[in-house]
1. Between N202 and N62, what is the label-point separation in nm under the 7 Å Cα-to-beta-carbon projection?
2. Roughly what % of Cα-Cα distances in the chain sit above 26 Å, to the whole percent?
3. Neighbouring Cβ atoms within 10 Å as the yardstick, rank S126, S167, S111 fewest first.
4. Give me the lysines in straight-line cross-link reach of K215: C-alpha distance below 18 Å, same-chain residues under 8 apart excluded.
5. Checking the cross-link filter: which lysines have an alpha carbon closer than 18 Å to that of K101, excluding same-chain neighbours under 8 positions apart?
6. Computed on alpha carbon atoms, what radius of gyration and Dmax characterise the stretch 64-169, expressed in Å?
7. With a sphere of radius 12 Å drawn around the Cβ of L6, what net charge do the other residues whose Cβ falls strictly inside it have (Lys, Arg +1; Asp, Glu -1)?
8. Using the Cβ atoms and a cut-off under 12 Å, what net charge is assigned to the surroundings of Y119, where Lys and Arg are +1 and Asp and Glu are -1?
Amino acid sequence: MTECLLNNEHCFLEQEAWQKVFVSAIKETPTITDRSEIVITLLMLKCFIPGYFADVTNIIFNTQDGQALDPRNIASQLRQLRADLLKWHGRYEGILRRTPKIPPGSAEYDSHCKVFATYLSCLIISSRLLGALSGIERLELEDTAQSLAEQMFDLAIEVKDTSVATSLFMAQTLGVAQATKATTEVWKGKDKAENEDQQSSNGIIARWRLERWCKLCGRKLPSNVYAMCN
């Protein structure tokens with residue numbers, strides 16, 4: 001999934017047949033594990049993140065693939081994805097409340113940190129992508145994205161001295177939070193081109209703003225985009 005996200009591609013795991021494979025892998029246990037229903041369902045949602053990132057990128061950069069997409073439809077799907085992620089988080093919080101406190105450094109704690117970091121990164125990206133297509137919602141979604149990024153930073157500090165493996169995982173997921181934090185002023189339009197996006201009747205964010213975020217995330221852009229921008 002990470003490779004697809006960085007390469008501006010859809011992930012094959014979003015296909016219905018592979019989603020069914022995920023469901024078949026569920027194995028309920030009293031603790032949070034890689035095969036717990038709550039973990040598997042989060043991964044099933046995560047599978048769609050690379051594809052939406054690619055769709056939004058292609059729409060904004062007006063590639064051939066992007067021209068075949070309806071921005072309003074993609075925005076609607078992103079709203080549903082965000083709703084599903086928030087609903088997932090509510091269920092996850094309920095599970096944590098019903099289970100004994102997880103001691104730092106335990107295998108269960110490592111699993112929790114990885115799962116929660118995955119949730120945060122998915123919600124950050126989906127919030128940014130929806131904001132890229134919806135000027136009306138952009139500022140509110142950006143505030144949400146920045147709050148989630150802060151939670152990611154706090155989590156990274158929390159796990160720093162408890163687990164080498166989890167710290168390594170956090171170092172990988174922190175990239176999205178760091179790139180989001182670094183581009184908040186660009187995303188909100190607080191710069192010399194602040195009226196640029198308002199000139200667009202469709203509310204879609206300016207191309208160069210998305211490009212700045214993508215580059216900090218380490219994402220590839222369509223080859224014809226580089227030809228146009230350089």
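Only the coordinates and a few stated rules stand behind these numbers; no lab work does. Being a predicted model, the structure only gives us computed values, none of them experimental. Note that we place each Cβ from the backbone using ideal geometry, even for glycine, and neighbour counts take in every protein chain shown.
1. Using points 7 Å along Cα→Cβ, the separation is 0.9 nm.
2. 38
3. Numbers: S126 27, S167 15, S111 18.
Listing S126, S167, S111 from fewest to most nearby Cβ atoms yields S167, S111, S126.
4. Within the straight-line cut-off, K215 pairs with K181, K188.
5. Reachable lysines: K114.
6. In order Rg, Dmax, the Cα atoms of the stretch 64-169 give 16.5, 52 Å.
7. Here the charged neighbours net out to +1.
8. Here the charged neighbours net out to +3.
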